[in-house]
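As structure tokens, the structure follows; a few thoughts come after it.
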């Protein structure tokens, strides 16, 4: 990690903390632009993601379940340091045990024996970590392909990818990690598989959202913000709003 990158990251964090102290939570900063990007993302979903997800859903259940387990296991690597940053030592231990067991006994994560052992695998990212420390989301906006986000969550995503996520470090930044092989294709491939698996699991829910929403942009914004709030608060009432779009 270069000192210049670290300096820029620290400055960015300080700016977000200072901004969040006075910013109105969930404020729209670039609504017209975001609505335009949202329409672009809808086109991308209609032309590429949804058709691929429909084909994916026709695969045998063991294949789909194994893919979901594999991508979830990879995501655990990011959860571990964020559990530690949140002071959740028990959950960090559970996540570490889950990754080790699923990566070995579970055959690279395609199986999930850790869940049968009672190990919790609660997904965490730096956006959630910052939220747990009281940092507000700040401006809400939509990114191409990546979708809805906030200033806090965007900064968290950048920091996760560049510093906290071990999988990203050995793939996206493989030249910086000696004696460990990996390629950017591996990283993009896993992220794409995660998106397809998520889209396939929520095919009916997305259709229901589109059918029942007067303003799909506003409905998606509300859903995203509520989902992030629940995850930051570790809400047990609704673990994943995106998986309950028709409720």
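Every read-out reported here was derived from the displayed coordinates using simple, explicitly stated rules and does not represent laboratory data. These numbers were taken from a predicted model, which means no experiment stands behind them. For neighbour counting, all protein chains shown are included, and Cβ atoms are generated from backbone atoms with ideal geometry for every residue, glycine included.
The table for this structure:
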read-out	value
Packing-based order for 113-119, 65-71, using average beta carbon neighbours within 10 Å, highest first	65-71, 113-119
Computed E for residue 192/residue 39 - FRET, C-beta separation, R0 30 angstrom, nearest 0.05	0.85
Rg/Rh ratio calculated on Cα atoms of region 72-128 (Kirkwood radius)	0.97
Projected area, mean over directions - region 21-166, Cα convex hull, nm²	10.3 nm²
Computed lengthening from residue 47 to residue 185, 0.36 nm per intervening residue step minus Cα-Cα distance	47.5 nm
Extended-chain gain in nm, criterion 0.36 nm per residue less alpha-carbon gap, residue 116 and residue 163	13.8 nm
Inter-centroid distance (Cα atoms) of region 28-49 relative to region 111-152, Å	21 Å
Mean separation of Cα contacts under 8 Å, 6 or more apart, over the residue count of region 21-229: relative contact order %	25 percent
Projected label distance in nm at residue 133 and residue 30, using a 7 Å step from Cα toward the beta-carbon	2.5 nm
Segments 208-219, 120-131, 189-200 sorted - mean Cβ within 10 Å per residue, highest first	120-131, 189-200, 208-219
